[in-house]
Protein chains: 2
Amino acid sequence: MTRTTPTTPAYRRLSVEERRGQLLEAALQLFAHRAPEEVSLDDVAEAAGVSRPLVYRYFPGGKQQLYEAALRSAAEELTLCFAEAQTGPLTLRLTRALDRYLAFVDGHDAGFSALLQGGSVVETSRTTATVDGIRRAAAEQILVHLAVERPGPRLRMMVRTWITAVEAASLIWLDEGKQPPVAELRDWLVDHFIALLTATAATDPQTAAAARAALALEAAEGPAGVLARRVIPVVETAAHLL
Amino acid sequence: MTRTTPTTPAYRRLSVEERRGQLLEAALQLFAHRAPEEVSLDDVAEAAGVSRPLVYRYFPGGKQQLYEAALRSAAEELTLCFAEAQTGPLTLRLTRALDRYLAFVDGHDAGFSALLQGGSVVETSRTTATVDGIRRAAAEQILVHLAVERPGPRLRMMVRTWITAVEAASLIWLDEGKQPPVAELRDWLVDHFIALLTATAATDPQTAAAARAALALEAAEGPAGVLARRVIPVVETAAHLL
């Protein structure tokens, strides 16, 4: 028979890595749902169930160091959102990646807004570089899916601009109390991508080739087909332009 | 006969407002072409031909105060870029506004990048609010030109997203040594607007009404007509979607 009573949790000494991970997890949770200004080291210590000096032992740089570590961890998670097999229609791949990205935004709402809106006390050239790294990784992934070997400046600008649009729309979505429903936002962002790809194809031969190849893989019942059929009634009033 | 020699400029005491304006102008010039980190109060004093203590008398908050004053002044100038008569095709109004905006970006290159890329030492909630004020003013102007009385959330999100895309494209343009030529960038941003308006019209009745009204004013030889004729060869390979 054991003498430990069920109300006393078994005490186990955590390894350095485990303790670090536990503190980071507590910090991530706090920074996800509050502006960094509203998170103190005491909050992190309390959430992890440890003393403030212990937090300092693992993160001598205090809140700034914890914030940057949490941000790097979130950046890794976010970068994984874009990983997607190179099969099937492009719009379905984008839809799946956006579902993961928007779930991340939903789960890190206050932290996401604070990070991207700028002017935060914890913002440094390092945090800016981490965010830029995420954008670059996302752009690279999309170029891989567009199956373009040496993307020229116009195609790269198009992809990077769309990524900024996704960020901006996510911030507006958070700001408006997560309206419209996330699936509507996602579909609109996919439509935005198709529209921008098509408009850029009008003046850039490389984008035109990528757009034709992508459209060939689309299904009539998929996002590109639905968009095409819905756009026709809007543009057919503008027959004088042709 | 006057005793003043031509090499000694006539000394005239500047009024408080004139002196303030002169210092601000010097600061604006410096902050336009260098990152704020690379501008010192001594630089401002030297550029204005005054002593450092005099700069402090007018701007006791030092560099931060000068930067914020310069930013507000630049914000006023930038906001004027969007003022445009409500006549003629929408794409021509956009073209003219973008020409002014991109000339501003060209003339304030380093300062524009430093301000928008974040992580700067002079970035505060006040500078962020000033930049957001510019974005809001630009969005309001575009909604005025779309002649929509009570713009709904989708149309507002579309306009705000496009404004972010313009900013992002401007930063990329500066980053790539002001390539492509500014007229190409401007035309692409107009195409982007038409594409986004059309794609958003596909799912939002209010945007559809605004898009139809805007397209009705477009000329065949204008940007919308050129884009429409160029897009056809790209999308006609996707007839299976209709």
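The values are calculated or read from the model by the stated rules, or taken from the named source; none is laboratory data. The structure presented is a predicted model; accordingly, all values stated were derived computationally and were not measured. Backbone-built Cβ (ideal geometry, glycine too); neighbour counts: all protein chains shown.
Below are the figures for this structure:
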| read-out | value |
| --- | --- |
| Boolean, A:Val166 is buried (at least 21 other Cβ atoms within 10 Å of the Cβ), part of a helix (DSSP H, G or I), more than 7 Å from every other protein chain (Cβ to nearest Cβ) and not small (Gly, Ala, Ser) | yes |
| Per-region count, segment A:76-91, residues outside any loop (DSSP other than H, G, I, E, B) and either surrounded by fewer than 18 Cβ atoms within 10 Å (Cβ to Cβ) or touching a Pro at 6+ places or on another chain (Cβ under 6 Å) (or both) | 5 |
| Residues within segment A:39-51 that are loosely packed, with under 14 Cβ neighbours inside 10 Å and outside any loop (DSSP other than H, G, I, E, B), tallied | 1 |
| Residue match in segment B:184-193 (condition: closer than 26 Å to A:Ala183 by Cα and facing another protein chain (nearest Cβ under 8 Å)) | yes |
| Hits in segment A:104-134 (condition: under 15 Å from A:Ser73 (Cα atoms) and either basic (Lys, Arg) or not in a helix (DSSP H, G or I) (or both)) | A:His108, A:Arg126 |
| Matching residues, segment A:134-157, being under 18 Å from the mean Cα position of the chain (by Cα) and facing another protein chain (nearest Cβ under 10 Å) | A:Arg135 |
| Residues located in segment B:198-233, provided they are of a type in the set (S, T, N, Q) and assigned to a loop (DSSP other than H, G, I, E, B) | B:Thr203 |
| Count - residues of segment B:204-241 that are in contact (Cβ under 8 Å) with a residue 12 or more places away in the chain and at the interface with chain A (Cβ under 7 Å from one of its Cβ atoms) | 4 |
| Among the residues listed as B:Val144, B:Val55, the single one being assigned to a helix (DSSP H, G or I) and either closer than 21 Å to B:Val16 by Cα or touching a strand residue (DSSP E or B) at 6+ places or on another chain (Cβ under 6 Å) (or both) | B:Val55 |
| Criterion: under 24 Å from A:Pro233 (Cα atoms), of a type in the set (A, V, I, L, M, F, W, C), in contact with a helix residue (DSSP H, G or I) (Cβ under 8 Å, 6 or more places away or on another chain) and surrounded by fewer than 22 Cβ atoms within 10 Å (Cβ to Cβ) - qualifying residue of B:Val131, B:Val122, B:Val148 | B:Val148 |
| Lone unmet requirement of (1) closer than 23 Å to A:Leu80 by Cα; (2) surrounded by 22 or more Cβ atoms within 10 Å (Cβ to Cβ) for A:Leu197 | (1) |
| A:Ala75 modelled with pLDDT of 95 or more and either closer than 18 Å to A:Asp132 by Cβ or within 21 Å of the chain's Cα centre (by Cα) (or both) | no |
| Checklist (1) within 8 Å of chain B (Cβ to nearest Cβ); (2) part of a helix (DSSP H, G or I); (3) surrounded by fewer than 18 Cβ atoms within 10 Å (Cβ to Cβ) applied to A:Pro180, failing item | (2) |
| Residues located in segment A:145-163, provided they are aliphatic (A, V, I, L, M) and within 18 Å of B:Ala168 (Cα to Cα) | A:Leu155, A:Met157, A:Met158, A:Val159, A:Ile163 |
| Residue in segment A:122-133 that is free of Cβ contacts under 8 Å to residues at least 24 places away in the same chain, among the hydroxyl-bearing types (Ser, Thr, Tyr) and under 29 Å from B:Ala35 (Cβ atoms) present | yes |
| Matching residues, segment A:139-156, being closer than 15 Å to A:Leu80 by Cβ and charged (D, E, K, R) | A:Glu140 |
| Single match in B:Pro36, B:Pro89 (criterion: in contact with a Gly (Cβ under 8 Å, 6 or more places away or on another chain), at pLDDT 95 or above and on the phi < 0 side of the Ramachandran plot) | B:Pro89 |
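Residues checked against (1) modelled with pLDDT under 95; (2) out of contact with any Leu (no Cβ under 9 Å at 6 or more places or on another chain); (3) in the same structural domain as B:Pro223 (by TED's automatic domain parsing):
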{"site": "B:Glu25", "(1), (2), (3)": "yes, yes, no"}
{"site": "B:Asp43", "(1), (2), (3)": "no, no, no"}
{"site": "B:Leu94", "(1), (2), (3)": "no, no, yes"}
{"site": "B:Ala103", "(1), (2), (3)": "no, yes, yes"}
{"site": "B:Leu115", "(1), (2), (3)": "yes, no, yes"}
{"site": "B:Arg126", "(1), (2), (3)": "yes, no, yes"}
